[in-house]
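Chemist: Sharing a structure here in structure tokens format.
The values are calculated or read from the model by the stated rules, or taken from the named source; none is laboratory data. Source: prediction; values computed, not measured. We place every Cβ from the backbone using ideal geometry, glycine too, and count neighbours over all the protein chains shown.
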Amino acid sequence: MDITTITKLYTIFNDKKWTDKDGNKSVFTNFCNLLSNLSENQGQLIIDLVERYTWITLSEYQARLINILDSIEQEKLDKLKKITLFPIMKPEDEGKTKSGHTILYMLRAIKPLLTKYKGIEFAEIESYEKITSDHFKVNDTDSIFLLDDYLGSGETIEATIIELFKNRNIKPIHLNIISIAAQFESTEFLNSIGVAYYTNLITRKGITDYYVSPALEEKIQIMEEIEKLIPANHFSFGYNQSEALITLMRTPDNTFPIFWKEHKKGNEIYEAPFSRY
Amino acid sequence: MNENNLYLLLDVISRNGSVKILTRNGIDFNEIAIQTNNAISEGLVINSDKRIVLTDKGVEVLKHLALKYKKTNKDEWIERHLKSQIRKIDKNSIFLPRQNELTF
């Protein structure tokens, strides 16, 4: 790798203010190790993707959540007396701690700071059994806020909503999806079923939604070559081929795996820039 | 950055060479990036046509530092690749390296 490549990467880190984030030095070092192991056009693709990459740390969650919750229409909030918070999770993941739980707990701390929500009671439910029970009723003054930090391919939010609709009281009008970031495919799904969503950022596929033919085919081929460096790669182009370019508190598996899975060159294993652990 | 490392940095930039020589001298990637930015601020280096190159001032500084730091003894500037060295074998022996141990 040459100095020009390092300088390009450092300029991106500076422009994105990533140099202010905790852990930025090890992320930078791991990116440099990766670039050292790539050919020139492979490295250029990674640099291009890093330019469009989003890195949101846990310390930024509070401000972003307040911003999202404040963006909900006043007339909608004026009608509400009670909001039930529920973490977005697949039914089979119930019992595990998912990112939606983190958002739920953060909302407890943020609630006193939300001036638009004075007089609205907040309740929390974390089990499907309770929320789908006949005892759980919703009326016109109730809303359910489904929480997560990231909506990826749409699979998890779809599974959550399908399960909630087993409670016949719950209608799309009662649901509001709160997520720090969302892949475009998720928002398309929510639009199609008429469920409102509020997010800080809508992301697109990193290669497919950015390049046009013939550059598109070329970039896909380059990424396929890069991914050959990943041992046992079961997430080619990200879970469900999401092609995401995002790291939050944790990097979602929707993100291109070269950013979060270790790679191998020769006999040596190299840590990923944003390891998932 | 000490003068020797500045010499190495400017030398790598002038040759458009690999940064490996810098990392082998204990300068990590973050430091290389920061010092390159410093060199840009000091007018030794510019980002010209998407490539980092030396300015006239940078060339002069490199020439000056080379008098002091350029290694002319080949034992110093060609490093022995000790990890590839094997123990001495008899001239009639046939040596077959393990494929998974080759790094080139």
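Chemist: Are any residues in segment A:1-18 surrounded by fewer than 18 Cβ atoms within 10 Å (Cβ to Cβ) and facing another protein chain (nearest Cβ under 9 Å), and if so, which ones?
Modeler: Residues satisfying the conditions are A:4, A:11, A:14.
Chemist: Among what's in segment A:187-221 and is within 19 Å of residue A:165 (Cα to Cα) and in a loop (DSSP other than H, G, I, E, B), pick the residue that is farthest from the chain's Cα centre (by Cα).
Modeler: Once the filter is applied, the top-ranked residue is A:194.
Chemist: Another one. Output the residues belonging to segment A:21-52 that are among the acidic types (Asp, Glu) and either surrounded by 15 or more Cβ atoms within 10 Å (Cβ to Cβ) or modelled with pLDDT of 95 or more (or both). Step through it out loud before you land on a result.
Modeler: To start, the set of residues in segment A:21-52 that are among the acidic types (Asp, Glu) comprises A:22, A:40, A:48, A:51.
Listed by number, the residues that qualify are A:48, A:51.
For (1) closer than 28 Å to residue A:142 by Cβ; (2) in contact with a helix residue (DSSP H, G or I) (Cβ under 9 Å, 6 or more places away or on another chain), each residue gets a yes or a no:
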{"residue": "A:177", "(1), (2)": "yes, yes"}
{"residue": "A:184", "(1), (2)": "no, no"}
{"residue": "A:187", "(1), (2)": "yes, no"}
{"residue": "A:195", "(1), (2)": "yes, yes"}
{"residue": "A:205", "(1), (2)": "no, yes"}
{"residue": "A:208", "(1), (2)": "no, yes"}
{"residue": "A:219", "(1), (2)": "no, yes"}
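Chemist: Now, a different point. If you go through segment B:1-16 one residue at a time, how many are more than 7 Å from every other protein chain (Cβ to nearest Cβ) and either out of contact with any Lys or Arg (no Cβ under 9 Å at 6 or more places or on another chain) or surrounded by 20 or more Cβ atoms within 10 Å (Cβ to Cβ) (or both)? Break it down stepwise before answering.
Modeler: Step one: of segment B:1-16, the residues more than 7 Å from every other protein chain (Cβ to nearest Cβ) are B:1-11, B:14-15.
Still in the list and also either out of contact with any Lys or Arg (no Cβ under 9 Å at 6 or more places or on another chain) or surrounded by 20 or more Cβ atoms within 10 Å (Cβ to Cβ) (or both): B:1-2, B:5-10, B:14-15.
The number of residues fulfilling the criteria is 10.
Chemist: Now for a different question. Consider segment B:18-58. How many of its residues are facing another protein chain (nearest Cβ under 7 Å), assigned to a loop (DSSP other than H, G, I, E, B) and not aliphatic (A, V, I, L, M)?
Modeler: Number of matching residues: 2.
Chemist: Still on this model: Whether any residue in segment A:196-212 is within 14 Å of chain B (Cβ to nearest Cβ) and not basic (Lys, Arg) is what I want to check.
Modeler: Taking segment A:196-212 as the starting set, the residues that turn out to be within 14 Å of chain B (Cβ to nearest Cβ) are none.
No, because not a single residue in segment A:196-212 is within 14 Å of chain B (Cβ to nearest Cβ) and not basic (Lys, Arg).
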